[in-house]
Structures are given as C-alpha cells and as structure tokens.
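Structure first, commentary second.
The values are calculated or read from the model by the stated rules, or taken from the named source; none is laboratory data. Everything quoted here is computed from the prediction, not taken from an experiment. Here Cβ is always computed from backbone atoms with ideal geometry, including for glycine, and neighbour counts include all displayed protein chains. Remember, those area values only see protein heavy atoms, side chains included, never the ligands or the DNA or RNA. Shrake-Rupley method; radii C 1.70, N 1.55, O 1.52, S 1.80 Å.
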Amino acid sequence: MSELLQDSKLLWYLSRSTGLVCLVLLTASLVLGVGATTRLSSTGWPRFVTQGLHRNISLFVLALLGLHVITVVADDFVPIHLIDAVVPFGSAYRPFWLGLGVLATDLLIALVVTSLVRQRIGYGMWRVVHWTAYACWPLAMVHGLGTGSDTRSGWSIGLTAGCAGLVLLAVAWRIVAGWPAQRVLRLSAVVVTACAGAVVVLWARQGPLAPGWSKRAGTPPAPVAGK
C-alpha cells in the first residue's frame, strides 16, 4: 500500500492540494474577519452569518492543516519529519520557508484555541492574539511560494495573485471604513501595506519565480537530483 501511494504520487498531490486549499480558505477567513470588524451586513446577510462563517472556516483550515502536515511528513521524497512541523526553522528541507508555514500554523492554532476560551481569558487578551494571528495569512502565502514545487505554474501564480488581490481589497475596505477617524494610523497602514506588497512581488520575481530557486531555497541535493 505504501509503495502504491508513492508510485501514484498521491501523498505529493494531497500535500500540495491541501496547502493551496488552506491558502484559499485562509483568504476567505481573513476577508470575512474584516467584514465582521467593519460590521458589514445587510438584510439578507446579517452580521452573525459573517462571524459564523469566519469561525467555521478557521476550524476547517485547522483540520486541513492537520492533513497537510500528515501527508508532508509521510511522503519520503523530501526529508521532513514530524518535529519539523512543530519546531520552525530546523528542517533539512528549505528550513526558513518551511518554518514560516510552521509559524502560520502555530498562530492559527492560537487563534482557534483562544476563540474557544474567549470568555475565560477576557476580551483584551483575545483581541491581542486575534490581531497577531492575522499574520498567519502572509506567512502562509510566502511559505507556499518558498516551498511549493509548482510555484512557477501559471495556475499557481494566478491562484496566489487572486488571494492576494482579495486580501488587498479587504485591507483597503478596512482602512476606508470609518474615515477620517484615526487618520494617521490608517495612512500608516496604507504605506506599510503598499511597501509589504512591493517587497513580496520583487522577492517572488527574483526568488521562487526565477530559475535556480530550488537550490537557493535550501533543498538538499538528493531531491534536486531526483527532479
């Protein structure tokens, strides 16, 4: 059975597909989270529906992440062990870029756990963790670009760009909503978002989307030779 899985590349397909679906669902969760914070609602779409979808999608992402980790560890094409899925930046395979995915997972776990015990820890602590956990989306996106073996495929680029576009629209909506209250903070957010986006685009063009990235990303010699 194990040989069948390896020959059919089922584990590889499962690990990549679950990772990409997680990015899409994280994008949806982030956009819904912004909609909830701006109290976006209508007669046919009340606010509690947005909040419920945001919470349930986050739980579903956590379940998919579990499957993603299992398939990555089980696939022996690259040397990734269970400890590498828990402790960031220690893997023999693209340690930095894999570590970003581990950090994103840890942040998402913290978000879900604190949401479940929100009444016990208080709103203030929950809000701090919640805002910090928003970093899991950019971490997950850069992780996917840095570790994905099909990053340069047209459909993969389109999917990533689509998710980034939706998040940028959500951030723009969040900044505009309530204007001109906290004008300095909102303008600072515009500058930070624009700079971060430009840095990621330039890095992607010179890094994952450029030839030779596999070696520069920290891929061990054996997997490179097998490609």
Please give the direction-averaged projected area of the C-alpha convex hull for the range 155-227, in square nanometres with one decimal. 6.2 nm²
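How large is the Kirkwood hydrodynamic radius of the range 112-206, in angstrom, based on all distinct alpha carbon pairs? All intermediate terms of the calculation are to be shown ahead of the outcome.
On the way: mean 1/r = 0.0642 Å⁻¹.
Mean inverse Cα-Cα distance, inverted, gives 15.6 Å.
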Descending Cα extents along the principal axes, the range 20-169, whole Å: 51, 39, 21
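Taking every pair of alpha-carbon atoms in the range 91-165, give the share separated by more than 17 Å as a whole percent. Can you show the working numbers first?
Numbers: 1477 of 2775 pairs.
Result for the distance tail: 53 percent.
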Would you mind working out the magnitude of the charge dipole of the chain relative to its Cα centre, with +1 at each Lys and Arg C-beta and -1 at each Asp and Glu C-beta, to the nearest 20 Debye? 900 debye
Could you order Tyr93, Tyr134, Tyr13 by accessible surface area, starting with the largest, using a probe radius of 1.4 Å? Tyr13, Tyr134, Tyr93
How much accessible area per residue does the range 138-227 have, counting only protein heavy atoms and a probe of 1.4 Å, in square angstrom? 59 Å²
